[in-house]
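Right, one structure below, let's go through it.
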Amino acid sequence: MTWFFAVLVVVVIGGVAVVATGRGGALAETYDDRPDARVPADGPLTAQDVRTVRFGTALRGYRMSEVDALLARLAAEMETGRASRDREEG
């Protein structure tokens, strides 16, 4: 009886290996279900664009709080740079 279970386990592991390598038939088509980062595709980015952008989450991604902090800093620097350029021009 022990031999039967040992052989059964080997067959199951072999079957999983065959399916995992793609030899057991075609897998379903994959599609990207992540949300798009909503930023304008044309024209320059504004500080408001940077503030409102949100990225999809993943199991092994970045810490959202760190990304949000960097985006907030970038948006503030964009506004400061734009304000100083406006003063220089005007």
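The values are calculated or read from the model by the stated rules, or taken from the named source; none is laboratory data. Predicted model, so just to flag it, every value in this text is computed and none were measured. Cβ sites come from the backbone with ideal geometry, for glycine too, and all protein chains shown count toward neighbours.
Summary of computed values
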{"read-out": "Residue count for segment 49-67, restricted to those that are closer than 25 Å to residue 79 by Cβ and in a loop (DSSP other than H, G, I, E, B)", "value": "5"}
{"read-out": "Residue selected from segment 19-69 under the condition over 18 Å from the mean Cα position of the chain (by Cα) and of a type in the set (Val, Ile, Thr), by the criterion modelled with the highest pLDDT", "value": "46"}
{"read-out": "Qualifying positions in segment 56-90 - of a type outside the set (Lys, Arg) and within 16 Å of residue 45 (Cα to Cα)", "value": "70, 71, 72, 74, 75, 76, 77, 78, 79, 80, 81, 83"}
